[in-house]
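The values are calculated or read from the model by the stated rules, or taken from the named source; none is laboratory data. Bear in mind that the values here come from a model prediction, so they are computed numbers and not experimental data. Don't worry about glycine lacking a Cβ; one is built from the backbone with ideal geometry, like all the others, and counts go over all protein chains shown. Protein only, heavy atoms only, side chains kept; ligands, DNA and RNA dropped before computing areas. Shrake-Rupley method; radii C 1.70, N 1.55, O 1.52, S 1.80 Å.
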Amino acid sequence: MSALLIEGGKRLHGAVKVHGAKNSVLPILAAAILGRGESVIHNCPALSDVTASVAILEHLGCRVRTEGDTLWVDASQLVRSDVPDALMREMRSSVIFLGAVLARTGEAEMSFPGGCELGPRPIDLHLAALRRLGAEVAERAGALCCTAVGLTGCDIVLSLPSVGATENAMLAATGAEGVTTITNAAREPEIVDLQNFLRSMGARVRGAGSSVITVEGGRPLHGGEHTVIGDRIVAATYLSAAAAAGGEAELTGVDYRHLSTVIAVLSEAGCAIRSTPERICIRADRPLRGVRPVRTAPYPGFPTDAQAPVMAALCTAEGTSVFVENIFESRYRHVDELCRMGADIRVEGRVAVVCGGKKLHGAAVKAADLRGAAALVVAALGARGRSTVTGLAHADRGYQDLAGDLRALGAEITRTEERET
Ligand code: UD1
């Protein structure tokens, strides 16, 4: 079993470049199959979810090669339109291939992404959008079979601004004749990044970053070239780590404007944060102060993905902090583990009350999901003594080198790789 060994209670001091955004690169890799040619994607993070996406691309007939953090995807010849169950299981967000495969081949077959560690994760909005575009979607025995004789541009109104549904609708709409308008679209920076990649492929897409996105579809697309934006959630994690441990950290490779709500909360807690277009610098002196209620919301609200690491940083703050998780039902699985380290957190449905002022101590803890893993590492850095964090397969989905990056920031952290017996 792999584990992170962390000697906590030491102030951080250092600098790190934040890698490319997981939530950008996954839809961009799916979009690459729309181009009849080779796409070049720079700043591609080495994550297990990226490996899973590459396996899907290769299964579909793409040729993929990697050099450093650049990925070449040659989608000149697609040979299949199905994603096997084993690959769907490896990565839940593989549902993002649905719209792209359908637009390129006129059909798509894959299993349902299934339940997940964050509670039920329906795809009804994805399927409704594809049906609006003219796809026939049959759902049987856990499998989805989509066919489209010819997709036609239409008005799609999402009942909530789902990130994945917005992306799937954008991808499918590039293959639809005429104009598609997506209203109540998600406004995340990763959607803007997808739009920029699609444009580099020759697609006519506008409006990403606002609530209305327009796609003029039916144009043949070629390979594109694009540099993926920096990962704002990885940045939020490292800012939280500095807040928890105290000290100074400098982050590059990420746009501070994508982190405004996270920076606001950590500043309210007492951290001094300076941002320029090139870097984000944080200085934190413990103890922090509790903050006003943090409510997760679609972008530009406070990101649900940053809730766990920021909560971990606030466990030792003086005073009480309240979190309200509005996006996912079951996103407090890190709480019990934080409490094993001495935190005092009470959860009631969507609300978590963090009674601060506690001293955390090192403990053996296990992550149950991706951002939960980040939270445990953040707490361990601020805790006195040694912690062991396991469940790292979750962390590897979204952090290229968590231990290496945190060492660069001055943390005492090592990773052990033990074979499972
Ligand atoms: C994406 C991100 C994930 C982030 C989440 C919210 C990727 C790969 N993942 O996930 O890291 O936590 O956005 O910012 O980009 N919903 C429905 N029906 C649907 C689709 C969604 O009811 O068809 C609901 C979900 O259950 C959830 C909410 O909408 O409550 C938001 O989900 P969504 O924005 O779709 O998240 P993902 O795209 O899955």
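Couple of notes before you dig in:
- Rounded to the nearest 10 degrees, the inclination of helix 304-314 to the longest alpha-carbon principal axis of the chain is 10 degrees.
- Between LEU360 and ARG384, the built amide H atoms are under 5 Å apart, and every one of these is 5 or more places off in sequence or on another chain.
- Axis of helix 48-60 versus longest Cα principal axis of the chain: the two differ by about 10°, to the nearest ten degrees.
- Net dipole in debye of the chain [+1 Lys, Arg Cβ; -1 Asp, Glu Cβ; about Cα centre; nearest 20]: 980
- Percent accessible area from carbon and sulfur atoms, the stretch 8-106, protein chains only, probe 1.4 Å: 47
- When each of the peptides 133-141, 302-310, 314-322 is scored by how many other beta carbons lie within 10 Å of its residues on average, the order from highest to lowest is 302-310, 314-322, 133-141.
- Value of relative contact order over the chain, rounded to a whole percent, pairs C-alpha under 8 Å and six or more apart: 21
- For the chain, with +1 on Lys and Arg beta carbons and -1 on Asp and Glu, the positive-most of VAL25, VAL40, ILE263 along the dipole: ILE263
- Ellipsoid fit via the Cα gyration tensor, the stretch 272-421: semi-axes of 23, 19, 17 Å, each the root of five times an eigenvalue, largest first.
- Taking θ as phi - 60° and the Karplus parameters 6.51, -1.76 and 1.60, the scalar couplings of the stretch 135-143 work out to 7, 9, 10, 9, 10, 9, 6, x, 10 Hz in sequence order, x denoting glycine and proline.
- Distance between the stretch 211-279 and the stretch 352-421 - C-alpha centres, whole angstrom: 21
- Accessible surface of the stretch 131-211 [probe 1.4 Å, protein heavy atoms]: carbon and sulfur percent: 50
- For the chain, the longest principal axis of the alpha carbon atoms and the long axis of helix 189-200 meet at an angle near 40°.
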